[in-house]
1. When residues of the range 124-135 are filtered for being open to solvent by 40 Å² or more (accessible area, probe 1.4 Å) and either hydrophobic (A, V, I, L, M, F, W, C) or within 19 Å of the chain's Cα centre (by Cα) (or both), how many remain?
2. Does Val107 satisfy being farther than 29 Å from Leu157 by Cα, touching a Leu at 6+ places or on another chain (Cβ under 8 Å) and either open to solvent by less than 60 Å² (accessible area, probe 1.4 Å) or modelled with pLDDT of 85 or more (or both)?
3. Working only within the range 113-133, note down all residues that are part of a helix (DSSP H, G or I) and either free of Cβ contacts under 8 Å to residues at least 24 places away in the same chain or over 13 Å from Pro64 (Cβ atoms) (or both).
4. Give me a count of the residues in the range 64-108 that are farther than 18 Å from Gln219 by Cβ and either part of a strand (DSSP E or B) or of a type in the set (D, E, K, R) (or both).
5. Quick one: in the range 136-184, of everything that is within 19 Å of His70 (Cβ to Cβ) and among the acidic types (Asp, Glu), which residue is surrounded by the most Cβ atoms within 10 Å (Cβ to Cβ)?
6. From (1) in contact (Cβ under 8 Å) with a residue 40 or more places away in the chain; (2) over 28 Å from Gln139 (Cα atoms); (3) of a type in the set (Val, Ile, Thr), pick out the condition that doesn't hold for Thr26.
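The values are calculated or read from the model by the stated rules, or taken from the named source; none is laboratory data. All values reported here derive from a predicted model rather than from experimental measurement. Using ideal geometry, Cβ is built from the backbone for each residue, glycine included, and neighbour counts are taken over all protein chains shown. SASA here: full protein model, heavy atoms, side chains in, ligands and nucleic acids out. Shrake-Rupley method; radii C 1.70, N 1.55, O 1.52, S 1.80 Å.
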Amino acid sequence: LEFGAQTDASIVAAQDWLNARRVLSTGQVLEHLARKVAPRRLVVPASACAMRPMDLRRLHTQLPDAALLHVVRHPWTQGCLLAAWARDRLFVPPDYKDHRLSPAPAVVDPQIAWVRANANIEALLRLDGVSARRVQIEQIDAELGTLSQLLGQWLKLDGGPAAQEAMTQPECWVFAGHGPRAAPYGLEAEVLEALPEVDVRLAEQAQLHGALPWREDGQTFAPETLAMAQRYGYAPLV
């Protein structure tokens with residue numbers, strides 16, 4: 001944003017810019033970026049923050065007037081995709097593991113992180129003065145044009161044809177690619193890496209009943225997972 005491109009040279013310039021402004025707080029840098037993009041709106045895709053309540057509160061404190069969009073995904077789909085991502089990782093965060101099987105090794109169970117992240121967001125949304133909407137990511141995939149129009153009305157964004165076309169072509173986003181050598185990955189690595197087709201097909205078979213495919217002990221969704229999923233508008237247990 002500061003130097004107009006995402007190249008090896010601009011990354012070095014950005015590092016020099018930050019080094020020259022070490023006295024600035026993270027919040028002050030965020031304010032600078034918001035002014036830089038004005039009159040466009042700054043978007044903070046804070047998926048990792050959802051696991052850390054203090055980070056969510058810090059964002060709200062820094063941007064009290066921000067409009068929050070709570071994007072949810074079916075716990076089966078999320079679980080299958082995260083389990084596939086975690087399968088070959090040398091390190092998986094403890095938040096993603098079921099530690100109740102002690103002394104046996106902890107089992108990776110993405111539903112734990114799914115419940116915790118959404119519960120943290122729900123707690124934030126209960127604070128006074130928080131403006132928020134909740135949307136299923138499946139709706140975004142199926143009705144991106146209609147949904148972007150509705151969100152544009154909510155956020156008071158330009159709803160013209162050019163804006164609609166831009167929002168329905170996320171692959172044209174400057175950070176959609178792998179980025180330059182000096183700063184690889186504009187997004188998290190798992191977003192850009194292709195998952196095995198068998199895992200993608202399994203994730204598409206979303207359901208709230210039966211044994212979880214990422215576990216070998218026959219466990220099903222926990223009651224709190226089912227209650228939250230139904231609260232978010234996913235099909236009830238049958």
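1. Kept after step one, since they are open to solvent by 40 Å² or more (accessible area, probe 1.4 Å), are these residues of the range 124-135: 125-129, 131, 133-134.
Checking which are either hydrophobic (A, V, I, L, M, F, W, C) or within 19 Å of the chain's Cα centre (by Cα) (or both) leaves us with 125, 127, 131, 133-134.
Residues in the range 124-135 being open to solvent by 40 Å² or more (accessible area, probe 1.4 Å) and either hydrophobic (A, V, I, L, M, F, W, C) or within 19 Å of the chain's Cα centre (by Cα) (or both): 5 in total.
2. Values: farther than 29 Å from Leu157 by Cα: yes; touching a Leu at 6+ places or on another chain (Cβ under 8 Å): yes; either open to solvent by less than 60 Å² (accessible area, probe 1.4 Å) or modelled with pLDDT of 85 or more (or both): yes.
Yes; evaluated as a whole, the condition is true for this residue.
3. Of all residues in the range 113-133, those part of a helix (DSSP H, G or I) come to 113-125.
Ala113, Trp114, Val115, Arg116, Ala117, Asn118, Ala119, Asn120, Ile121, Glu122, Ala123, Leu125, listed by residue number.
4. 10
5. Glu138
6. Of everything listed in (1) in contact (Cβ under 8 Å) with a residue 40 or more places away in the chain; (2) over 28 Å from Gln139 (Cα atoms); (3) of a type in the set (Val, Ile, Thr), Thr26 misses just condition (1).
Every residue, every condition in (1) touching a residue at least 12 places away in the same chain (Cβ under 8 Å); (2) at negative phi; (3) open to solvent by 90 Å² or more (accessible area, probe 1.4 Å); (4) touching a Lys or Arg at 6+ places or on another chain (Cβ under 9 Å), yes or no:
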{"site": "Ala5", "(1), (2), (3), (4)": "no, yes, no, no"}
{"site": "Val12", "(1), (2), (3), (4)": "yes, yes, no, no"}
{"site": "Asn19", "(1), (2), (3), (4)": "no, yes, no, no"}
{"site": "Leu33", "(1), (2), (3), (4)": "yes, yes, no, no"}
{"site": "Lys36", "(1), (2), (3), (4)": "yes, yes, no, no"}
{"site": "Cys49", "(1), (2), (3), (4)": "no, yes, no, yes"}
{"site": "Leu59", "(1), (2), (3), (4)": "yes, yes, no, no"}
{"site": "Leu68", "(1), (2), (3), (4)": "yes, yes, no, yes"}
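Per-residue answers, yes or no, for (1) at pLDDT 90 or above; (2) among the aliphatic types (A, V, I, L, M):
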{"site": "Gly179", "(1), (2)": "no, no"}
{"site": "Ala182", "(1), (2)": "no, yes"}
{"site": "Tyr185", "(1), (2)": "no, no"}
{"site": "Glu188", "(1), (2)": "no, no"}
{"site": "Leu195", "(1), (2)": "no, yes"}
{"site": "Glu204", "(1), (2)": "yes, no"}
{"site": "His209", "(1), (2)": "yes, no"}
{"site": "Trp214", "(1), (2)": "yes, no"}
{"site": "Gln219", "(1), (2)": "yes, no"}
